[in-house]
Structures are given as structure tokens and as C-alpha cells.
1. If A:MET148 satisfies every condition in (1) more than 11 Å from every other protein chain (Cβ to nearest Cβ); (2) on the phi < 0 side of the Ramachandran plot; (3) surrounded by fewer than 21 Cβ atoms within 10 Å (Cβ to Cβ) but one, which is the exception?
2. With respect to the numbered conditions (1) assigned to a loop (DSSP other than H, G, I, E, B); (2) within 7 Å of chain A (Cβ to nearest Cβ); (3) polar (S, T, N, Q), which one is the sole condition not fulfilled by B:ASN134?
3. Would you point out which residue out of B:TYR62, B:TYR33, B:TYR115, B:TYR98 is over 30 Å from A:HIS95 (Cα atoms) and either of a type in the set (Phe, Trp, Tyr) or within 14 Å of another protein chain (Cβ to nearest Cβ) (or both)?
4. In the stretch A:12-52, which residues are surrounded by fewer than 23 Cβ atoms within 10 Å (Cβ to Cβ) and touching a Pro at 6+ places or on another chain (Cβ under 8 Å)?
5. What number of residues within the stretch A:110-128 satisfy the criterion of being more than 11 Å from A:VAL64 (Cβ to Cβ), buried (at least 19 other Cβ atoms within 10 Å of the Cβ) and of a type in the set (Gly, Ala, Ser)?
6. Given the conditions (1) buried (at least 18 other Cβ atoms within 10 Å of the Cβ); (2) more than 14 Å from chain A (Cβ to nearest Cβ); (3) in contact with a His (Cβ under 8 Å, 6 or more places away or on another chain), and given that B:LEU158 satisfies all but one, which numbered condition is not satisfied?
7. So B:MET81 ticks every box in (1) touching a Leu at 6+ places or on another chain (Cβ under 7 Å); (2) under 16 Å from A:MET82 (Cβ atoms); (3) in contact (Cβ under 8 Å) with a residue 60 or more places away in the chain but one. Which box is left unticked?
8. Is it the case, given these coordinates, that B:ARG89 is closer than 30 Å to B:VAL301 by Cβ, out of contact with any strand residue (DSSP E or B) (no Cβ under 7 Å at 6 or more places or on another chain) and away from every other protein chain (no Cβ under 14 Å)?
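Every read-out reported here was derived from the displayed coordinates using simple, explicitly stated rules and does not represent laboratory data. Because the structure is predicted, anything quoted here is derived from the model rather than measured. Don't worry about glycine lacking a Cβ; one is built from the backbone with ideal geometry, like all the others, and counts go over all protein chains shown.
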There are 2 protein chains.
Amino acid sequence: MHSFKELSQLFSKHFEQNHFPAQPVNLYEPCQYFLQIGGKRIRPVLTLLGNELFAEINQDAYAVATAIELFHNFTLIHDDMMDAASLRRGMQTVHTKYNSNIALLSGDVMLIKAYDYIAKIHPDYLARILTLFNKTAAEVCEGQQMDMDFEQQETVLLEDYIKMIGLKTSVLLAAALQIGAIIGGASEGNCNHLYQFGLNLGIAFQIQDDYLDAFGDPEKFGKEIGGDIKQNKKTFLFLHALDIANADQKKQIEHLISTNPNNKVDQMLSIFEACNVGDWANELKEKYFQAAMKHLDDIAVTSMRKKPLVELANFLIERES
Amino acid sequence: MHSFKELSQLFSKHFEQNHFPAQPVNLYEPCQYFLQIGGKRIRPVLTLLGNELFAEINQDAYAVATAIELFHNFTLIHDDMMDAASLRRGMQTVHTKYNSNIALLSGDVMLIKAYDYIAKIHPDYLARILTLFNKTAAEVCEGQQMDMDFEQQETVLLEDYIKMIGLKTSVLLAAALQIGAIIGGASEGNCNHLYQFGLNLGIAFQIQDDYLDAFGDPEKFGKEIGGDIKQNKKTFLFLHALDIANADQKKQIEHLISTNPNNKVDQMLSIFEACNVGDWANELKEKYFQAAMKHLDDIAVTSMRKKPLVELANFLIERES
């Protein structure tokens with residue numbers, strides 16, 4: 001058995017190779033450029049963790065983990081185009097460094113390459129894993145579309161926002177874990193609990209991300225505070241504030257959104273504080289976190305085997321283990 | 001056994017259904033809109049033909065045929081974006097009717113849906129067919145990138161152009177046939193001959209397409225004559241003309257490209273005629289057509305079984321059977 005950190009290192013070592021042919025340069029070099037920007041590689045490590053929860057790591061888990069990381073990077077390349085984002089992790093996005101046509105086609109071929117890694121796994125579970133991968137990939141697209149749709153709407157129901165976050169972010173975490181479990185020979189019931197663990201943990205993580213954008217320590221957070229507020233993003237905090245604000249506060253929020261004053265972040269944070277949005281978000285996050293841990297508890301393997309997943313959950317939700 | 005026409009009708013009937021869920025509307029409605037624009041559905045019918053060359057049609061052939069048609073439509077949605085084309089078959093392209101973000105994401109999810117149909121086939125040949133599908137899909141992207149690269153180059157070697165056409169157009173025809181053959185239980189050797197038949201036929205078809213753009217009967221061709229010339233496209237004819245033109249003609253060609261006079265099409269056609277480009281193209285097309293037919297001959301099944309493929313080849317290359 002390995003710790004979360006050890007598996008991260010093992011996967012990174014495995015992943016650091018050129019996944020693409022040399023030619024045509026304008027198709028494949030952008031793919032490799034984007035991969036070397038790096039990332040936390042959380043999703044592929046989830047697959048290894050899911051496998052090792054039940055059995056020794058099988059080489060197939062590395063193949064699917066690679067596919068999942070390539071899929072994730074494909075979504076980032078295309079999402080950056082849709083968001084017109086020029087930087088990612090301080091580096092130029094593909095459509096900025098090259099151009100939109102190249103980003104479009106490089107993203108496409110990265111998705112196809114992901115499927116090529118899946119094709120290499122044992123035929124016994126290929127169909128099952130491919131089906132889950134396809135379902136998840138379509139859901140991620142659905143989440144991205146809902147996110148873009150929400151930008152055009154004046155307001156969004158909290159339950160719709162949670163659904164969107166589930167699709168855009170959590171299902172891939174959940175599927176990454178479950179695919180590992182399938183490779184590890186887990187029962188249907190254990191597979192489902194692990195999926196639900198990932199789904200709930202992903203939502204807890206997103207609530208925390210929204211919280212840190214408003215109330216985080218700028219140095220630890222690594223991003224400027226209030227970025228979501230500046231962009232009028234509909235976050236957990238914003239939607240809840242709009243939900244419980246009194247008439248005056250509602251007016252203020254609408255005014256801030258339409259006029260974009262210089263001190264918008266400070267003013268919005270005052271309203272958030274007056275509405276006690278921070279405490280509410282922490283409670284909601286705790287609710288999803290506990291739901292995740294309950295599903296982990298319910299998986300029928302020894303507690304010792306679950307340690308790396310507990311470690312991961314605490315790492316993601318920034319708790320001391 | 002069925003004729004090419006019968007299989008076309010069978011496939012169309014099978015394909016005419018909504019392949020996508022209802023929600024999110026902005027993701028899936030554009031997919032279904034684009035599919036109902038229609039098309040000749042040549043590629044999926046090739047899979048049915050490939051299957052029936054060796055055995056009765058298996059339902060799996062319909063599943064993969066559907067996947068191949070969805071894949072082809074995914075490439076069209078994204079290619080239209082890259083070419084900034086506003087119309088296809090007289091209908092608005094997806095990025096024109098909706099917007100670029102929607103076209104990007106709808107294309108992505110259509111590709112994912114293609115893989116979902118592949119996941120349904122029998123595990124015995126799933127890995128083999130998935131691997132061939134992935135290889136082909138990546139090659140189609142490579143061909144598209146080469147095509148875009150060529151637009152930026154002053155000139156292109158004929159052999160590079162043929163390689164590009166092979167990747168962008170022919171490999172999908174070849175793979176569609178071969179996948180059908182795999183489902184039909186064909187031997188490795190027969191599979192390879194069928195693949196080569198498709199590859200060579202595809203190149204012959206493209207030479208003809210380039211020829212008709214310059215010398216076709218506008219009524220039969222269905223497109224305006226000289227479209228490629230107007231857009232300075234590097235076609236078989238253009239590359240050969242540039243190859244064999246004398247110094248004077250070369251100068252004229254370069255002048256036409258840089259100045260775009262009103263009578264550019266007529267002037268370029270005069271040079272094509274002076275260089276005997278039409279006869280050359282017909283000979284080249286014939287060479288590839290005969291190579292295709294030789295591979296069809298070499299497939300070890302009765303001539304009777306090959307009749308629908310001969311029919312198809314004659315239909316594509318516009319000969320009387």
C-alpha cells in the first residue's frame with residue numbers, strides 16, 4: 001500500500017513522457033506544451049487509490065489514470081477557449097500561445113489520445129470502464145454548458161448550481177475512483193459507495209473554493225481574493241446571499257453587479273458578512289464532507305486500507321489529518 | 001445480401017432518431033440540428049458493406065456505423081469553425097446559428113457520443129475496433145492540421161498533398177470498411193485488402209472532386225465552378241500546374257494568386273488547359289481507382305459478394321456500372 005503522496009509521485013513519474021508523435025508539429029506540440037504546464041494530477045491518483053483500496057495496483061490503472069488526466073487537460077484547453085482565458089497557472093493558454101484553430105484541434109486529439117489509453121486495458125472490464133468514462137465525459141460537457149447558461153441568467157437556484165458543480169467537477173473525481181475500484185475487482189456496492197464518496201467530496205471542495213475566494217488568506221489561496229466577485233460569478237456564497245438578503249441588501253447587490261464600482265469586492269464582502277454567508281458555507285461544506293466520509297465508512301474493507309483516501313480527503317478539504 | 005442503395009436506406013432509417021438527451025438544450029439541440037442537415041451517410045454504409053462482404057449483418061455493425069457517422073459530423077462541426085464557414089448544405093453551420101462556444105462543446109459531446117456507441121459492441125472485438133477507431137480519428141485530426149498548415153505555405157509537394165488527403169479523407173473510409181469486415185469475421189489479409197481498397201478509392205474520389213471544381217458541369221456538380229481557384233486552394237490540379245508550368249505560366253499563376261482579378265477563374269482554367277492538367281488528373285484518378293479495384297479483387301470471397309462494393313465504387317467515381 002502507498003500513501004496519497006507516494007502515489008502522486010509514482011503517477012507523475014509515469015506521466016512525464018511525450019504522449020504524442022512529433023508530426024504534425026502544430027497539432028502535437030501544443031498538446032505536450034499544455035501538459036508540461038503541470039497540475040496537481042489529483043484525478044489520476046484517485047484511480048490508483050481506488051484500485052489500491054481493493055487490490056495491488058494493476059498496470060491498467062496507470063493506463064486509465066493517464067486517460068483521465070488527458071481527458072481533464074482536453075477540457076481545460078477547450079474551457080480556456082470558451083472563457084477567453086489567457087493564462088493558466090501563470091502560463092499562456094493554448095489558444096493564446098498558438099491560436100484558436102490549433103487549440104480546438106489539439107484539444108480534440110488529446111481527447112482521442114485519452115481513449116487510446118483506455119483501449120489498452122484488459123477486455124474483461126474494457127466495456128464497463130469505457131461506458132462509465134463516456135457517461136462521465138458527457139456529464140462534464142453538460143456541466144460546462146450549464147455553467148455558461150448560468151452566466152446569462154439573472155439568478156440560479158442553489159440546487160441547480162449544485163447540480164452543475166456535480167457535473168462539471170465532481171463526477172470526474174467520482175468516476176476516477178470508481179474505475180480504479182473496478183480494476184481492483186470491487187463489488188458493485190463498494191464501487192457505488194466509492195463513487196458517492198468522490199461526488200460528495202467534490203462538492204465540498206467546490207464550496208471551499210468559493211469560500212476561499214471570498215474569505216481566504218491571499219497568500220495561502222494563491223489567487224487574488226474576490227476574483228469571483230469581480231467577475232460577477234454565481235458562486236455558492238453569492239447565490240445564498242441573494243437568497244437570504246433583505247430588500248435593502250438585495251438592492252445593494254444588484255447595484256454592485258450593474259455598476260461595478262472600484263470597491264465592489266469590499267462592499268460585497270460586507271454584505272456576505274452581514275448575511276453570515278461564511279458560516280453557512282462552512283456548514284454546507286461540512287455536510288457534504290461528512291456525507292463523503294459516511295460513504296467511505298460504508299465500504300467493506302479494513303480501515304487501514306482507507307487511510308490514503310482519508311489523507312486525500314483531508315488534504316483536499318484542508319484539514320489537519 | 002443488400003445493394004449499396006438498400007443499405008443506405010436501411011442505415012438512414014436506423015440513424016433517424018434523436019441521439020441525445022433533451023437537457024441542457026444549448027448543448028444537445030445544436031447536435032441534433034446539425035445531424036438533421038443530412039448528408040450522404042457514405043461512411044456508415046461502408047461499415048455495413050464491409051460486414052456483409054463476409055457475413056450477415058450483425059447489429060454491432062449498426063452501432064459502429066452510427067459511431068462513425070457521429071464522428072464524421074463532429075469533425076464537420078469543428079472544421080466549419082476552423083474554416084469560418086457559415087453554410088453547409090445550404091444550412092447555417094453550428095457556430096453561425098448558435099455561437100462558437102456552443103459549436104465547440106457540441107462537437108466535443110458528439111465525439112463522446114460516438115464512443116458511447118462503440119462501447120456497446122461485443123467485447124470479443126471491442127478493443128481491436130476501438131484501437132482502429134482511435135488511430136483513424138487521430139489521423140483525421142492530423143490531416144486537418146496538415147491542410148491548415150498547407151494554407152500558410154507557398155507551395156506543397158504533391159506527395160505531401162496526397163498524404164494529407166489520405167489522412168483527412170481516406171483513412172476514415174478505409175477504417176469504416178475494415179471495422180465492418182472485423183465484425184463480419186474477416187481474416188487479417190482480407191481486412192487489409194479492404195482497408196487499401198478504401199484508402200485508394202478515397203484518394204481517387206478527392207482527385208475527381210478537385211477535377212470537377214475546375215472542369216465539372218455546374219448543374220451536375222451542385223457547386224459553383226472554380227470555388228477552389230477563387231480561394232487559392234492547393235488542389236491536385238493547382239499543384240500539378242505549378243509543377244509543370246513554364247516560367248511565363250508560373251509568373252501568371254503567381255500574379256493571379258496575389259492580385260485576385262475578376263476573371264481569375266477563367267485565366268487559371270486557361271493555364272490548367274495549356275498544361276493539360278485535366279488529362280493528367282484523370283490519369284491519376286484512374287491509377288488510384290485501379291489500385292482500389294485490384295485490392296477488391298484480391299479479397300478472398302466470391303465476386304457475387306463484391307457486387308455492392310463495385311456498385312459503390314462506380315457511384316463514387318461517377319461511372320456507369
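1. A:MET148 satisfies every listed condition except (1).
2. Only one criterion is unmet by B:ASN134, namely (1).
3. Details: B:TYR33 fails: over 30 Å from A:HIS95 (Cα atoms); B:TYR115 fails: over 30 Å from A:HIS95 (Cα atoms); B:TYR98 fails: over 30 Å from A:HIS95 (Cα atoms).
Sole residue among the options that is over 30 Å from A:HIS95 (Cα atoms) and either of a type in the set (Phe, Trp, Tyr) or within 14 Å of another protein chain (Cβ to nearest Cβ) (or both): B:TYR62.
4. The answer is A:PHE15, A:GLU52.
5. So the count comes out to 0.
6. Of everything listed in (1) buried (at least 18 other Cβ atoms within 10 Å of the Cβ); (2) more than 14 Å from chain A (Cβ to nearest Cβ); (3) in contact with a His (Cβ under 8 Å, 6 or more places away or on another chain), B:LEU158 misses just condition (1).
7. It fails just one condition, (3).
8. no
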